[in-house]
Amino acid sequence: MNAGDIAFPNLGIYLKDVPKSFSIFGFSIAFYGLIIGIGVLAGILMAAHMAKKTGQNPDDYWDFAIYAVIFSIIGARIYYVVFAWDYYKDNLLSIFNTRSGGMAIYGAVIAAFITLFVYCRIKKKNPLLLGDTCMPGLILGQAIGRWGNFMNREVFGEYYDGILSMQLPIEAVRARDISESIAAHIPEGANYINVHPTFLYESLWNLLVLIVILCYWKHKRFDGEVCLLYLGGYGLGRFVIEGIRTDTLFIPGTQVPVSQVLALLMFVFAVAVDIAVRFKKKKGAAPSA
């Protein structure tokens, strides 16, 4: 394979010289950043659409988006650096070099939720309603954003040679992302690896969660329920997918994948709170003896 090639051989798909960036007037623009930007814009448009559809003011969501985007970018970088500290501790300036990768969606999501509650407290708005309205946009943005990882040849899984197997040139990926299992299955004399396209799995799962959210919206029984649906749905999918990724971040001093732990906590929290709220509402609605 050439350095820029990406293939899905068992599907008969061979992409030649897929670029990581392009130039406009001498300025290099990374496809990763462009796709993330498209995902963010699509997410904001979706949130504004949901606001209009439910009788809210879409301008409130454009206003909130300004703060959410800024703090989410910062949160995504901080999260990654904290849990990959061994990589950055000896070269602190590399912390600011985001062009080489190193943004974690969990950090962005955590920062976005914190920003939401602070924003609503200052603006005196219902954070649960605002959160529900933002969730379709958030999961849509995540689904689109994962294709930035595709352009960067990152966020892939362990060795795999099934129907969706993805082939990547060894020189196009980060050495630390090639696990022992992947290395052991490199054909003699070959310059490529066969892996799970986990970026694709997560993108498709996120689209499924989006569809479920949109279909369920008119049936929601309380503000915040769509937030719980997002947390539970995304958490469930991420828990499974994270188990086969090779770029997993670990809790410092352990071999416990931090993203899997968070995903499990998200799912358990969402299910527990949803059951508790439904039980409370049912008990409150029951006629007195």
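Some values worked out for this structure:
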{"quantity": "For TYR160, residues with placed amide H under 5 Å, excluding near neighbours", "calculated": "ASN194, VAL195, HIS196"}
{"quantity": "Exposure proxy ranking, count of Cβ atoms within 10 Å, fewest first, for SER179, SER21", "calculated": "SER21, SER179"}
{"quantity": "Binned Cα-Cα distance frequencies in the stretch 90-200 - 5 Å width, integer %", "calculated": "2, 10, 16, 16, 13, 12, 11, 8, 6, 4, 2, 1, 0"}
{"quantity": "Assigned charges on the beta-carbon of Lys, Arg, Asp, Glu; the stretch 197-289 dipole about Cα centre (debye)", "calculated": "620"}
{"quantity": "Distance in nm between pseudo-label sites at LEU214 and LEU34 (7 Å out along the Cβ direction from Cα)", "calculated": "2.5"}
{"quantity": "Neighbour-count ranking [beta-carbon atoms within 10 angstrom, fewest first] of VAL268, VAL155, VAL195", "calculated": "VAL268, VAL155, VAL195"}
{"quantity": "Point-charge dipole on Cβ atoms (K/R +1, D/E -1) for the chain, about Cα centre, debye to 20", "calculated": "1520"}
{"quantity": "On Cα atoms only, tilt of 105-123 relative to the major axis of the chain in degrees", "calculated": "30"}
{"quantity": "Dipole magnitude of the stretch 70-149, debye to nearest 20 (Cβ charges: Lys/Arg +1, Asp/Glu -1, about Cα centre)", "calculated": "340"}
{"quantity": "Extreme residue, positive dipole direction of the chain, given options VAL240, VAL212, HIS49 (C-beta unit charges)", "calculated": "HIS49"}
{"quantity": "Reported label for calculated Cα extents along the principal axes in Å given (i) 85, 44, 41; (ii) 78, 48, 42; (iii) 65, 44, 40", "calculated": "(ii)"}
{"quantity": "Residues of the stretch 44-67 with amide N under 19 Å of the 7 Å Cα→Cβ point at PHE117", "calculated": "64-65, 67"}
{"quantity": "Positive-end residue of TYR79, ALA65, LEU130, charge dipole of the chain with Cβ unit charges", "calculated": "LEU130"}
{"quantity": "Selected from ILE24, ILE193, TYR159, residue furthest toward positive end of dipole (the stretch 6-283; charges at beta carbon)", "calculated": "ILE24"}
{"quantity": "Ranked PHE25, PHE267, criterion: other C-beta atoms within 10 Å, fewest first", "calculated": "PHE25, PHE267"}
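Only the coordinates and a few stated rules stand behind these numbers; no lab work does. It should be emphasised that the depicted structure is a prediction, and the values quoted were computed from it without experimental measurement. Please note: Cβ atoms are built from the backbone with ideal geometry, for glycine as well, and neighbour counts cover all protein chains shown.
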